[in-house]
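Asker: Would you mind keeping the following structure in view while I ask a few things?
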Amino acid sequence: MKKRLRLIYRKALSCLGPQHWWPGESPFEVMVGAILTQNTSWLNVEKAISNLKQQKLLSLRRLYKMPVRELAKIIRPVGYHNIKACRLKNFLKFFIKSYQGSIKKISLVEIKDLRKDLLKVNGIGPETADSILLYALNKPVFVVDAYTRRIFARHGLLRENSTYDETQNLFMKNLKKDVKLFNEYHALLVRIGKDFCLKNKPKCRLCPLGPTLKGIGRPTPLGLRE
């Protein structure tokens, strides 16, 4: 499995090149983007963040003081803007109360403890928490999304109904815990999921991983292949 995962990574990187992900000018901007991108495209998130920047509101204190209704109007492009405004405010409250809004302070916390605290924030799920850990705080945590599960299930490396934790453990246990590797790997899988491994009518013949995952072996009881 270790060799297979490394092969997949090298193949994807060779074909698609570095993805330069996550786009953001600061750790705080990445945190905001991680919350806003739930159930929407990145294009919509870019529009919302652009709105915040144009009004000079992309700062912790200004967003924290802003009324939820006003914030919701500004981030309308992301969809579910009222819900996401509340989720963002919940996170800002947690960030200020627990770490005084300091990137330095929050970065010093152990991964396990910080992840546990992030998941306690109303509206922050595993994917959002891990995106904040990896992309904003440079913690070696592999981010899992629907693209990851779809790609690896279709190639017989995971069960179709594999949980978030099962999928994440596949990478965490078989790859070197390296921020740069986890960052690029996840970004490449997102690119493949968006452009090739589509939910309907996948472009298998054009996919960089098309011939890469053949002949892996029998499924294990967990649905993984060795």
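We did not get these values from a lab; they are worked out from the coordinates using the rules stated. Here the structure is a predicted model, which means the values were calculated and not measured. Reconstructed Cβ throughout: ideal geometry from the backbone, glycine too, with neighbour counts over all protein chains shown.
Asker: Tilt of helix 27-36 relative to the longest C-alpha principal axis of the chain, in degrees (0 to 90, nearest 10)?
Answerer: In the chain, helix 27-36 runs at an angle near 80 degrees to the longest axis.
Asker: A further question on this structure: Treating the angle as unsigned and between 0 and 90°, give the value, to the nearest 10°, between the Cα long axis of helix 179-195 and the longest Cα principal axis of the chain.
Answerer: It works out to around 80 degrees.
Asker: Extension gain Lys120-Thr40, at 0.36 nm per residue separation less the Cα-Cα distance, in nm? Please list the in-between numbers first.
Answerer: Details: separation 80, 0.36 × 80 = 28.80 nm, distance 2.25 nm.
Taking 0.36 nm per residue and subtracting the Cα distance, the gain is 26.5 nm.
Asker: Add -39500 (n - 2.57) for each DSSP H run of 4 or more in the chain, then divide by its residues: what number comes out at 222 nm, to the nearest 500 deg cm²/dmol?
Answerer: One gets -17000 deg cm²/dmol as the mean residue ellipticity at 222 nm.
Asker: Taking the number of other C-beta atoms within 10 Å as the exposure measure, put Val68, Val190 in order starting with the fewest.
Answerer: Val68, Val190
Asker: Quick one: which of Lys11/Lys180; Lys3/Lys112; Lys73/Lys120 span more than 19 angstrom between C-alpha atoms? Mind dumping the intermediate values first?
Answerer: Numbers: Lys11/Lys180 17 Å; Lys3/Lys112 27 Å; Lys73/Lys120 26 Å.
Checking Cα-Cα distances, Lys3/Lys112; Lys73/Lys120 exceed 19 Å.
Asker: Based on the alpha carbon coordinates of region 27-136, what radius of gyration and maximum Cα-Cα distance (Dmax) apply, in Å?
Answerer: Here Rg and the maximum Cα pair distance are 12.9, 36 Å.
Asker: Which order, highest average first, do 171-177, 140-146 follow once you tally other Cβ atoms within 10 Å for each residue and take the mean per peptide?
Answerer: Peptide ranking by packing, descending: 140-146, 171-177.
Asker: Can I ask one more? Please work out whether the chain counts as rounded, prolate or oblate from its C-alpha gyration tensor, where a ≥ b ≥ c are the square roots of the eigenvalues and a/c under 1.5 means rounded, while otherwise a/b larger than b/c means prolate and anything else oblate?
Answerer: Verdict is prolate for the chain.
Asker: Ok, one more. Could you work out how far helix 2-16 tilts from the main Cα principal axis of the chain, as a 0 to 90 degree angle to the nearest 10?
Answerer: That helix lies at roughly 70 degrees to the long axis.
Asker: Treat each spin label as a single point 7 Å out from the Cα along the C-beta direction, and report the Lys104 to Val179 distance in nm.
Answerer: 1.6 nm
Asker: Here are some pairs, Lys93/Lys139; Lys56/Lys93; Lys56/Lys176; Lys104/Lys194; Lys93/Lys173; Lys53/Lys89; which of them have Cα atoms lying more than 28 Å apart in this structure?
Answerer: The answer is Lys56/Lys176; Lys104/Lys194; Lys93/Lys173.
Asker: Counting Lys and Arg as +1 and Asp and Glu as -1, what is the net charge of the other residues whose Cβ lies under 10 Å from the Cβ of Gly123?
Answerer: For residues surrounding Gly123, the net value is +3.
Asker: Once you have the Cα-Cα distance between Lys194 and Lys53, take 0.36 nm times their residue separation minus that, and quote the gain in nm to one decimal.
Answerer: On the way: separation 141, 0.36 × 141 = 50.76 nm, distance 2.73 nm.
Answer, rounded to one decimal: 48.0 nm.
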